[in-house]
Amino acid sequence: MTGRPGWRPVWALCVSQLISWGTLYYAFGILQGPMAAEMGWSQEALTGAFSLGLLLTGVSTFAVGVLLRRVSGRVVMTVGSALAGVCLAAMGACRELWQFYVVWAVTGLAMGATLYETAFAVLARLYDADYQKALTMITLAGGMASTVFWPLTGVLATAFGWRECCAGYGLLQWLVCVPLHWLALPGGTTAGETGPGRHWRQEMGALVRRPEYQCLAVSFMVHAVVFSALSVHLVPLLQARGLGLGAATALAALAGPVQVLGRGLQFRWGAQWPITRTANVAQLLVVVALSLLSFPAGPVVALGAAVALYGASNGVMTIVRGVSIRERFGFAQYAAASGALMGPAILCRAAGPLLAALVLSYGGDYLPVVGGLGVLAGISWLAYARAMR
């Protein structure tokens, strides 16, 4: 770790990642029901808008990686949080479906400038030996987003309405995340190791032709489909297994603390394990979780175990991605490799909820959805093992 920034940027990013993931990503899973009930929009239409936002997040992630070579992370993340606040306020004012799609398209750009990938790039510039420690700390905070914001969103939407909830979340971005990013993050570009222009484009071309890049890309993309589909559909999936909305929301909220527990164990003992072993365990956990969710009327204990395993796997895999990229491609190529790998993965993250909704609409039950996700989880596992071999 460089002596200049200390840990202040890490603590600031811990708070901003908690808020940004909660308001921009997890809140949608709770708000889509009240939105559909009031506006008469179908679940597929709402999920399509959310997926459009995630799609543009993937596109903007690559652009943000290029921008960070010339503009400081402080500027990028501050502007991203300000834009996120505008989008959340505008979301609460939508009256037509096309307006909702436009707002989510811009929200996707804001997410690309504020969520993990950009934060990781900032950390990669600031910290060296302590990079994994810093990364794990902000993922520990981000892992609590679902635990905090799923119940909070349910309470706010019930007490005040979904529109007022969106407006309040917009204020949270303006009043907390914007000043935190501006005051706590240092200036200076976050990725200046390889130089801009044609040399950087040549480096990217050579990078994507490497077999280990291609296998990691497949693994990360397929993994993104699985976890984005589960994160959005987890509450209705638990309801389809016989739980009421309150019980399903409470049980799904357990994923957050288990994410934090998994990341805490990685924080404490991760350095003693090869990252490939950690990844193997994490990917096995999600396969077991999907098996437990495949029973049409599983007992509450089994459903709770499935949520816990899903949360633990999701939490650890976030760390696995960041550490694997740095371990496989080195510090000098981190920015290029991260942008090239995570951009396509985020595009696939956008497709996950929509694909699950389409399968559900044709099949009429979550069993085909869970089965398909299980197959994809196995493919991700095999591709990662091939890449790291």
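The values are calculated or read from the model by the stated rules, or taken from the named source; none is laboratory data. The structure displayed is predicted, hence computed values, not measured ones. Virtual Cβ from ideal backbone geometry, glycine too; neighbours counted across all protein chains shown. Ligands, DNA and RNA are stripped out before the accessible areas are found, and what is left, the full protein with its side chains, is counted by its heavy atoms. Shrake-Rupley method; radii C 1.70, N 1.55, O 1.52, S 1.80 Å.
Just to check your reading of the model, which residue among LEU46, LEU54, LEU83 is more than 23 Å from TYR362 (Cβ to Cβ) and surrounded by 17 or more Cβ atoms within 10 Å (Cβ to Cβ)? Before you say what the answer is, go through the steps one by one.
Working: LEU46 fails: more than 23 Å from TYR362 (Cβ to Cβ); LEU54 fails: more than 23 Å from TYR362 (Cβ to Cβ).
Unique residue meeting the criteria: LEU83.
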- Can you find a residue in the range 243-253 that is in contact (Cβ under 8 Å) with a residue 40 or more places away in the chain, more than 30 Å from SER361 (Cβ to Cβ) and of a type outside the set (A, V, I, L, M)? no
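GLN202 - would you say it is open to solvent by 60 Å² or more (accessible area, probe 1.4 Å) and at pLDDT 85 or above?
On the way: open to solvent by 60 Å² or more (accessible area, probe 1.4 Å): yes; at pLDDT 85 or above: no.
No, not satisfied.
I'd like to verify a number: residues in the range 129-154 that are in a loop (DSSP other than H, G, I, E, B), open to solvent by 10 Å² or more (accessible area, probe 1.4 Å) and under 17 Å from VAL320 (Cα atoms), how many?
So in the range 129-154, the residues in a loop (DSSP other than H, G, I, E, B) come out as 129-130, 143-144.
Now narrow it down to the ones that are open to solvent by 10 Å² or more (accessible area, probe 1.4 Å): 129-130, 144.
Then keep just the ones that are under 17 Å from VAL320 (Cα atoms); that gives 129-130.
Residues that pass the stated criteria total 2.
Taking the range 279-296, which residues are without any contact (Cβ under 8 Å) to a residue 60 or more places away in the chain, small (Gly, Ala, Ser) and either surrounded by fewer than 16 Cβ atoms within 10 Å (Cβ to Cβ) or farther than 17 Å from TYR384 by Cβ (or both)? Steps first, please.
Initial filter on the range 279-296 (without any contact (Cβ under 8 Å) to a residue 60 or more places away in the chain): 281-282, 285, 288-289, 292, 295.
Now restrict to residues that are small (Gly, Ala, Ser): 282, 289.
Listed by number, the list holds a single entry, ALA289.
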- Taking interchain pairs and intrachain pairs at least six residues apart, which have beta carbon atoms under 7 angstrom, with the first residue in the range 306-325 and among the charged types (D, E, K, R) and the second modelled with pLDDT of 85 or more and open to solvent by less than 10 Å² (accessible area, probe 1.4 Å)? ARG321/PHE220
- Query: If THR318 passes every condition in (1) under 16 Å from GLY374 (Cα atoms); (2) in contact with a Ser or Thr (Cβ under 7 Å, 6 or more places away or on another chain) but one, which one does it miss?
  - Reply: (1)
- Message: Quick test for you: out of ALA224, ALA305, ALA240, ALA247, pick the one residue that is open to solvent by 10 Å² or more (accessible area, probe 1.4 Å) and in contact with an Asp or Glu (Cβ under 9 Å, 6 or more places away or on another chain).
- Response: ALA240
- If you check ALA84, ALA129, ALA89, which single one turns out to be over 17 Å from THR47 (Cα atoms) and within 17 Å of the chain's Cα centre (by Cα)? ALA84
- Subset of the range 148-181, residues within 26 Å of ALA248 (Cα to Cα) and β-branched (Val, Ile, Thr), comes to VAL148, THR153, VAL155, THR158
- Task: Can you tell me which residue among VAL102, VAL106, VAL15 is at pLDDT 95 or above, within 23 Å of VAL148 (Cα to Cα) and surrounded by fewer than 19 Cβ atoms within 10 Å (Cβ to Cβ)?
- Result: VAL15
- Task: Sort through THR107, THR147, THR136 and tell me the only one that's of a type in the set (Ser, Thr, Tyr) and within 17 Å of LEU83 (Cβ to Cβ).
- Result: THR107
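Tell me which residues, restricted to the range 161-189, are part of a helix (DSSP H, G or I), touching a helix residue (DSSP H, G or I) at 6+ places or on another chain (Cβ under 8 Å) and open to solvent by 40 Å² or more (accessible area, probe 1.4 Å). Before you say what the answer is, go through the steps one by one.
Let us first name the residues in the range 161-189 that are part of a helix (DSSP H, G or I), namely 162-184.
Still in the running and touching a helix residue (DSSP H, G or I) at 6+ places or on another chain (Cβ under 8 Å): 162, 164-174, 176-178, 180-184.
Of everything in the range 161-189, those that are part of a helix (DSSP H, G or I), touching a helix residue (DSSP H, G or I) at 6+ places or on another chain (Cβ under 8 Å) and open to solvent by 40 Å² or more (accessible area, probe 1.4 Å) turn out to be GLU164, ALA167, LEU171, LEU172, TRP174, VAL176, LEU180, TRP182, LEU183.
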